[in-house]
Amino acid sequence: MHDLPGLGITGALVLVIAYLLASNFRDRLQHEKTLAAREGEHASELTAVRTAYEADLAGLRVRLAALEQRLAELETELDSERERRRAAEDAAARARRQRSGRPVRGASDADDRNPGPG
């Protein structure tokens with residue numbers, strides 16, 4: 001009979017431990033389900049962000065290509081304008097020399113474009 005109260009306490013402790021283990025198992029299952037759901041949401045968000053990023057990047061690449069094309073056009077236009085300006089400066093220099101009675105030199109003479117002071 002001396003063992004009966006000890007068995008009652010031991011039995012109660014075993015029941016409490018069994019309850020705690022079962023509760024821990026249920027909690028762990030719930031945490032795993034929640035974690036799996038959040039991982040799925042996170043993967044979906046990453047996919048959406050990646051898709052948006054790739055779309056933005058593609059748009060920027062198209063825009064960059066258009067800007068590079070426009071830059072090339074403007075550089076060509078600038079080169080053409082410079083050639084026309086040089087030709088006009090050469091013609092003006094020849095006309096000044098003809099009026100002043102000096103001999104006319106070649107049209108590509110660099111001194112005529114930049115006569116300097118005087």
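The values are calculated or read from the model by the stated rules, or taken from the named source; none is laboratory data. Quick caveat, the model's predicted, so the values are computed rather than measured. Here the Cβ positions follow ideal geometry from the backbone for every residue, glycine too, while neighbour counts run over all protein chains shown. Heads up: the accessible areas ignore ligands, DNA and RNA and are worked out on the full protein's heavy atoms, side chains in. Shrake-Rupley method; radii C 1.70, N 1.55, O 1.52, S 1.80 Å.
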Mind giving me the nanometre distance, one decimal, between the label points for Glu45 and Val14, set 7 Å out from Cα along Cα→Cβ? 4.8
How much accessible area per residue does segment 24-70 have, counting only protein heavy atoms and a probe of 1.4 Å, in square angstrom? 93
Equivalent ellipsoid semi-axes for segment 1-91, as square roots of 5 times the alpha carbon gyration tensor eigenvalues: give them largest first, rounded to whole Å. 85, 11, 4
Out of segment 1-82, which chymotrypsin sites (Phe, Trp or Tyr not before Pro) are coil in DSSP terms and have no more than 13 other C-beta atoms within 10 Å? none
